[in-house]
Amino acid sequence: MTFQQRLILLVTGLVLLAVAMITAALAWTTQGALSARIESDGRMAAGLLARAATQTRDIPREVEILLGERLLSEATLTAHLVALAETAKLPPKPISDRLKQIAESGGPDEMWITDNRGRAYLHNLPGADPLFGQDSKALPRHAAYTGLLNRAPASLVSDAAVEGGKLMKFAGVAGVDKQRIVQVGADVKRLGDIAKKAGPDGLIDALLASRAVDAAWLLDREGRVVARGAVIGEAGGGPLSAAGTDAAKAAAVAGGDVRVVGDGDSLLALAPIKAGTNGQGAPAVAVVRLPAGEPAMMLRRQLKIGGLLGVVVLGLGVYSSVRFARRQMAPVERLSEAVAAVEAGRFNPFTLNESTARDDEFGRLSRVFRSMALEASAREETLDAQLLMRSAELETKSEKLAAAEQLIEEEQRAARDVQASLLPRQLPAGRDSQYFAALAPAHTVSGDFYDVIELDDRTVLLVTVGVSGGGVPAAFLMLMVRGAIRALARPGVSPAALLAGANERLGSESPFDGFATAFVAVYDRVTGSLRHAAAGLPGACLILADGTVEALIEAGGPALGVRKIAPYAEAVTVLNQDDTLFLCTDGVLHTTDAQRAPFAAERLGAVLQQGRVLSARDRAEMVLRAVEAHAGPDGVSGDLLCLVLRRLLPVAVEGEAQA
């Protein structure tokens with residue numbers, strides 16, 4: 001036997017051996033993987049079905065509880081809305097029309113508001129005014145809420161019940177301004193749909209639709225079927241076998257984890273349902289059936305494919321062996337020709353492609369020889385390719401950076417718009433007084449704000465607040481202070497009480513470590529009386545008609561948020577005709593120049609003395625221009641806020657004011 005023949009036999013035998021071993025390994029691993037996957041799918045499906053049966057009653061109940069909480073919130077909002085409307089002295093007809101608009105716009109389906117005797121004189125539905133508690137048998141829903149008249153209890157939520165052909169749920173609260181009942185209701189017909197979709201029937205349908213299982217059952221402890229589903233027209237459409245029923249009963253009694261048992265050509269996954277929902281006739285075990293014949297079918301298929309592949313490889317192996325033996329000397333001839341071409345200066349690297357593709361000594365020798373000739377050009381091409389890649393990456397990052405900057409700019413613009421909407425859109429106007437306010441934030445969103453609230457026909461609340469820091473934390477603290485002051489602002493509440501309430505809320509609810517300075521004053525437009533208090537905020541000045549500037553008495557207490565509970569004192573000042581009240585925040589006084597010298601109260605007083613009879617706008621703009629000039633080219637680093645009140649008419653004596 002020649003060397004070539006021995007080489008052909010050796011190569012062919014090794015190829016056949018490799019094909020046989022690879023085919024056997026693939027078939028074995030495929031069968032194991034399919035079996036493990038089917039068992040895992042069965043455990044997962046049975047576990048999901050068991051958990052669905054456990055949670056069938058919990059999900060709709062939780063949804064109903066959430067709906068009840070929402071109805072309570074809507075009832076509270078309705079109570080405040082009616083209180084505000086009646087405070088504005090609106091008649092019942094416009095209020096009922098507005099309630100109807102709210103219901104049609106997505107609010108509660110029913111809204112009922114009674115007087116102190118229980119008569120529902122405000123409602124969004126047409127018809128007579130029912131009396132809550134009049135007939136507990138005919139109107140049980142109304143009778144259950146009569147205790148709200150005496151705040152016993154203060155709120156009530158009823159369970160969903162069929163009323164007028166609808167599944168309704170009601171909630172009610174006591175009145176916020178007087179004895180009354182505020183009840184709202186909503187149609188909750190979708191609760192039944194949610195229970196159906198979230199229950200075991202929905203999950204069984206989903207499991208069957210995925211074709212992952214042939215059939216699924218829910219059985220009680222006695223082995224009776226509570227719910228089932230099967231793939232129609234296939235093997236899975238048959239009933240659960242007696243052996244499967246016995247295994248399910250045993251799993252229900254034993255409990256524990258999901259178990260998998262064989263059932264003929266199928267596998268059964270049994271998942272016990274936890275105690276709590278499996279009473280008499282309730283599901284106690286979830287069973288799913290999966291086909292188990294697929295791994296054996298796949299094994300036979302793999303063996304057939306391996307046999308056919310072996311025949312094909314045998315023919316290719318003989319042919320390749322012959323070609324291999326004949327081509328053993330071909331690389332030596334190619335290298336000899338390449339050496340001659342290099343010597344002649346006519347080397348073409350593509351002539352060695354066939355030799356370099358070999359994985360032996362000839363191939364390595366051919367690759368080394370060609371790499372020496374192409375090393376210089378390859379380096380240059382590599383550098384060019386890297387340069388192009390870096391340029392493309394830089395361009396992509398630049399585009400992403402530009403998009404991020406544009407997004408940040410849009411978000412900052414939206415934040416500025418939201419904050420601007422919180423400021424008073426229009427200041428009070430009248431013959432007796434003149435108002436003007438200006439805010440120049442240093443950041444995208446400011447922590448400083450002002451507010452002018454007309455408490456009644458003759459009193460006005462003036463507020464200026466400066467918050468420490470800047471950006472979003474300062475804006476958040478500003479919203480807390482503003483909300484606390486507005487919640488307490490009403491006729492008769494003193495400035496000291498407003499500051500004490502805002503300080504308590506800021507100290508107990510703020511998530512940030514910050515504080516706020518504030519000045520609060522209640523101005524009587526008739527008598528010119530100004531009752532004021534400060535919380536660590538300097539800069540309040542009174543400019544008399546003759547141009548004299550007087551700092552208001554330091555009445556008040558510490559800054560808001562420094563101590564949770566702090567007392568605040570207040571003082572009273574009278575504004576005569578052409579007297580002006582000037583208020584500003586810390587940003588005006590603390591603005592520094594190039595030498596770090598602050599603007600300070602002395603410069604503020606000098607600027608305020610420059611004009612005697614100036615309008616409120618002119619005086620505020622004069623101060624802002626002076627502060628900007630003091631800051632110089634570096635610009636202002638803090639928020640600038642000014643609030644100016646000028647008295648136009650002579651003050652009235654107390655007797656005239658009461659008349």
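The values are calculated or read from the model by the stated rules, or taken from the named source; none is laboratory data. Every value quoted in this text rests on a predicted model; they were computed, and no experiment measured them. Cβ: placed from backbone, ideal geometry, glycine included. Neighbour counts: every protein chain shown. Ligands, DNA and RNA are stripped out before the accessible areas are found, and what is left, the full protein with its side chains, is counted by its heavy atoms. Shrake-Rupley method; radii C 1.70, N 1.55, O 1.52, S 1.80 Å.
Which of the following residues is under 36 Å from the mean Cα position of the chain (by Cα) and hydrophobic (A, V, I, L, M, F, W, C): A496, A487? Even if it seems obvious, please write down each step before you answer.
Working: A496 fails: under 36 Å from the mean Cα position of the chain (by Cα).
Selected residue: A487, the only one of A496, A487 that is under 36 Å from the mean Cα position of the chain (by Cα) and hydrophobic (A, V, I, L, M, F, W, C).
One line per residue, one yes/no per condition, for (1) at pLDDT below 90; (2) closer than 25 Å to L479 by Cα:
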{"position": "S508", "(1), (2)": "yes, yes"}
{"position": "D524", "(1), (2)": "no, no"}
{"position": "A534", "(1), (2)": "no, yes"}
{"position": "P538", "(1), (2)": "yes, yes"}
{"position": "T548", "(1), (2)": "no, no"}
{"position": "A555", "(1), (2)": "yes, yes"}
{"position": "N576", "(1), (2)": "no, no"}
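Scan segment 138-153 and report the pairs whose first residue is within 17 Å of K169 (Cβ to Cβ) and open to solvent by less than 30 Å² (accessible area, probe 1.4 Å) and whose second residue is modelled with pLDDT of 75 or more and of a type in the set (V, I, T), with Cβ atoms within less than 8 Å and a gap of 6+ or a chain change.
Y145/I181; L148/V173; L148/I181; L148/V182
Testing A198 on (1) open to solvent by 10 Å² or more (accessible area, probe 1.4 Å); (2) at pLDDT 80 or above; (3) of a type outside the set (S, T, N, Q); (4) closer than 30 Å to K249 by Cβ, one condition comes back false. Which one is that?
Condition not satisfied by A198: (2).
Can you tell which of D456, D451 is charged (D, E, K, R) and touching a helix residue (DSSP H, G or I) at 6+ places or on another chain (Cβ under 7 Å)?
D451
Just to be sure I understand, how many residues within segment 264-281 are among the small types (G, A, S) and modelled with pLDDT of 70 or more?
Taking segment 264-281 as the starting set, the residues that turn out to be among the small types (G, A, S) are 264, 266, 269, 271, 275-276, 279, 281.
Then keep just the ones that are modelled with pLDDT of 70 or more; that gives 264, 266, 269, 271.
Number satisfying all stated conditions: 4.
Can you find a residue that is more than 30 Å from G175 (Cβ to Cβ), open to solvent by less than 50 Å² (accessible area, probe 1.4 Å), modelled with pLDDT of 75 or more and not aromatic (F, W, Y) anywhere in segment 9-17?
Looking for residues that are more than 30 Å from G175 (Cβ to Cβ), open to solvent by less than 50 Å² (accessible area, probe 1.4 Å), modelled with pLDDT of 75 or more and not aromatic (F, W, Y), one finds at least one in segment 9-17, hence yes.
To keep it simple, each residue is scored yes or no on (1) in a helix (DSSP H, G or I); (2) among the hydrophobic types (A, V, I, L, M, F, W, C); (3) in contact with a Leu (Cβ under 6 Å, 6 or more places away or on another chain); (4) without any contact (Cβ under 8 Å) to a residue 40 or more places away in the chain.
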site	(1), (2), (3), (4)
S421	yes, no, no, yes
Q426	no, no, no, yes
A442	no, yes, no, no
I453	no, yes, yes, yes
D457	no, no, no, yes
L462	no, yes, no, no
G469	no, no, no, no
A484	yes, yes, no, yes
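Kindly list, by first and then second residue, each pair from a residue in segment 240-263 that is over 20 Å from V213 (Cα atoms) to a residue that is part of a loop (DSSP other than H, G, I, E, B) and open to solvent by less than 50 Å² (accessible area, probe 1.4 Å), limited to pairs with Cβ atoms under 7 Å and residues at least 6 apart or on different chains.
Listed by first residue and then by second, the contacts come to K249/G223; A252/A284.
Return yes when Q31 is open to solvent by 40 Å² or more (accessible area, probe 1.4 Å), of a type outside the set (F, W, Y), modelled with pLDDT under 75 and within 31 Å of the chain's Cα centre (by Cα) and no when it is not.
It is false that Q31 is open to solvent by 40 Å² or more (accessible area, probe 1.4 Å), of a type outside the set (F, W, Y), modelled with pLDDT under 75 and within 31 Å of the chain's Cα centre (by Cα).
Determine whether segment 201-216 contains at least one residue that is at pLDDT 70 or above and among the polar types (S, T, N, Q).
Within segment 201-216 (the criterion being at pLDDT 70 or above and among the polar types (S, T, N, Q)), the answer is no, since none of the residues qualifies.
Only residues that are open to solvent by less than 20 Å² (accessible area, probe 1.4 Å) and on the phi > 0 side of the Ramachandran plot: list them for segment 92-132, please.
Result: G118, single match.
Would you be able to say whether some residue in segment 605-620 is open to solvent by 60 Å² or more (accessible area, probe 1.4 Å) and free of Cβ contacts under 8 Å to residues at least 12 places away in the same chain?
Within segment 605-620 (the criterion being open to solvent by 60 Å² or more (accessible area, probe 1.4 Å) and free of Cβ contacts under 8 Å to residues at least 12 places away in the same chain), the answer is yes, since at least one residue qualifies.
Could you check how many residues of segment 513-538 are assigned to a loop (DSSP other than H, G, I, E, B), open to solvent by 10 Å² or more (accessible area, probe 1.4 Å) and over 17 Å from D451 (Cα atoms)?
So the answer is 6.
Any chance you could count how many residues in segment 564-591 are among the charged types (D, E, K, R), surrounded by 14 or more Cβ atoms within 10 Å (Cβ to Cβ) and within 38 Å of the chain's Cα centre (by Cα)?
1
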